[in-house]
Ligand code: GRF
C-alpha cells in the first residue's frame, strides 16, 4: 500500500511510521510521498534526509479548494492509496475526502469523542479526566469525527501540565499510528455502523 503523509510541523508521528516500516514492524506498505503545507515544517526536512519524496505545497494565501486540488493531484501522481494525516493543521474540503473514500487517517491527541479540536491536553486537564490518550480515526466531513480505528490510553497524573501530558500521549501516538495503519492495510477489518472490527 502506498502511503501519502501530510504534515505541518515537527513530524514525530511521520518519523515513527517511517521507522516502523524500516524496522519491518509495519509491513506491506511504503511512504510514497510526504507533503507539507508550509516550508518550515521540520517533518519535511526529516523526509528529505531520509531520501523520501518530499513536497511543499504552500497553503498560506491560497484558496482552500485550490490548495486541496493541488495536494490531491500530487498524491494521485505518486500513486497514493492511503492518506495519513500526521499533524496536518488543515481541515480537508469535501472534495478531498471524496477523492480518497475511506482512505484518509488522522491521529488526534485525545480519547474521542471527548476533546475534539485544538489545545486538547489542556482541556482534558482542566476538565479533570483521569485518563487521556490518543485516537486514530478515518477522516470524514466533520472534524475529529470519523470511525475510530484504535485508541491508546495514558493515566493523568496529579503533577501533569499540558506539556507533560502531551509528551506522555505522544509516546502512545507513536505506537498507535503504525498499528492502526497495519490494521487498515491488512484488509481484515470492516466498518459495521461506527465500529471498526475484525471482518
Ligand atoms: C500530534 O499530537 C497529533 O496527535 C496531532 O498533532 C500532533 C502532531 O505531532 N494531530 P507531530 O508533528 O507528529 O510530531
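What follows is calculated from the coordinates using simple rules that are stated; it is not laboratory data. In this text the structure is predicted, and so the values were computed from the model without any measurement. Reconstructed Cβ throughout: ideal geometry from the backbone, glycine too, with neighbour counts over all protein chains shown.
Just a few scattered comments:
- Among beta bridges from DSSP that stay inside the chain, the antiparallel ones total about 50%.
- Percentage relative contact order, the stretch 1-101, counting C-alpha pairs under 8 Å, at least six apart: 38
- Max mean-square fluctuation residue, GNM over the chain, Cα-Cα springs under 10 Å, options 24, 79, 133: 24
- Rounded to the nearest 10 degrees, the angle from helix 64-77 to the longest Cα principal axis of the chain is 70 degrees.
- Here the residues 80, 143, ranked from fewest to most Cβ neighbours within 10 Å of their Cβ, fall in the order 143, 80.
- Extension gain from residue 163 to residue 38, taking 0.36 nm per residue of separation minus the Cα-Cα distance: 42.6 nm
- Full-stretch length increase - residue 25, residue 143 - with 0.36 nm per residue and alpha-carbon distance subtracted: 39.5 nm
- Translational diffusion coefficient (Stokes-Einstein; Kirkwood radius from C-alpha pairs) of the chain at 4 °C, 1.567 mPa s, in µm²/s: 76
- The Cα center of the stretch 78-100 and the Cα center of the stretch 168-199 differ in position by 17 Å.
- Among 68, 119, sorting on how many other beta-carbon atoms sit within 10 Å of each Cβ, with the fewest leading, yields 119, 68.
- For the stretch 1-101, the extents of the C-alpha atoms along the principal axes are 39, 29, 19 Å, listed from largest to smallest.
- Rough spin-label spacing in nm, given labels placed 7 Å along Cα→Cβ, for residue 191 and residue 50: 2.6
- Angle in degrees between helix 162-186 and the longest Cα principal axis of the chain, rounded to the nearest 10: 50
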